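Only one structure is covered here, and it is reproduced in the block below.
What follows is calculated from the coordinates using simple rules that are stated; it is not laboratory data. Given the structure is predicted, the values throughout are model-derived calculations rather than measurements. Neighbour counts run over all protein chains shown; Cβ positions are idealised from the backbone, glycine included.
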Amino acid sequence: MGIFSFFKNEEKEAEERAFRQKTEEMLTKLTEEMKKGQELSETLSQDVRQVGSDVRRHDMALEDCLDALEEQQEEQKESRKQIRKLEAEQEKLLKLLSVYREQLWGMKQYAQQNAQEWLSQLELMEKAAEGARLSSGIAWIEEAGVQVDYALHEVIEARAVSEEEKDMCVAQVYSPGMLRHGEVIKKARVAAYRLER
């Protein structure tokens, strides 16, 4: 019985050693995995902190962009308001210029028929304003004898004519029109020939 118990004891000790060794290996492995998990956890925490920091930075940048956009929209709104104001002022000035031109033109027509001595003075006044008129892109619509163009002329009287070449031509200008950079500001009011057979 002694030999059996000795073998049994040795077997038990071998089993216990194997069990301890296995347990130690598992503990070592578990410890290493816990270390790796802890390192991973720390890396993730740093990443989360970095992402949070980035998000805050982006939020601040986005707020700055939105503020800048809002300011730009306000500036655009103010600019459009100023442009509308300037356009209204320009329109008033063009109307005033048109009235002055119409008056000067009427005086010239009268001087040609009744006071020739005034005609040269009126023509000098026109020449004095010529440079400013040209630099502003302004042209007058006041020529008689040209083909009627309804974009430029407002026909307020039709005159019968038997010559076919005069049909639909301007017979007389009652008040001049005005163009600015090719855009019609005011149509000329005219009498036009109409062919009668």
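Quick rundown of the values:
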read-out: Pairs with Cβ under 6 Å, 6+ apart, first in the range 81-98 and in contact (Cβ under 8 Å) with a residue 60 or more places away in the chain and under 18 Å from S136 (Cβ atoms), second in a helix (DSSP H, G or I) and among the basic types (K, R); value: none
read-out: Residue list for the range 99-132, filter: charged (D, E, K, R) and touching a residue at least 40 places away in the same chain (Cβ under 8 Å); value: R101, E102
read-out: Residue satisfying all of: in the range 149-193; within 21 Å of I138 (Cβ to Cβ) and of a type in the set (V, I, T); surrounded by the most Cβ atoms within 10 Å (Cβ to Cβ) among these; value: V190
read-out: Breaking point among (1) over 30 Å from the mean Cα position of the chain (by Cα); (2) loosely packed, with under 10 Cβ neighbours inside 10 Å, for S135; value: (1)
read-out: First in the range 150-172 and touching a residue at least 60 places away in the same chain (Cβ under 8 Å) and within 16 Å of L195 (Cα to Cα), second anywhere and surrounded by fewer than 15 Cβ atoms within 10 Å (Cβ to Cβ) and of a type in the set (G, A, S), Cβ under 6 Å, 6 or more apart; value: none
read-out: All positions within the range 173-194 that are touching a helix residue (DSSP H, G or I) at 6+ places or on another chain (Cβ under 6 Å) and without any contact (Cβ under 8 Å) to a residue 60 or more places away in the chain; value: Y193
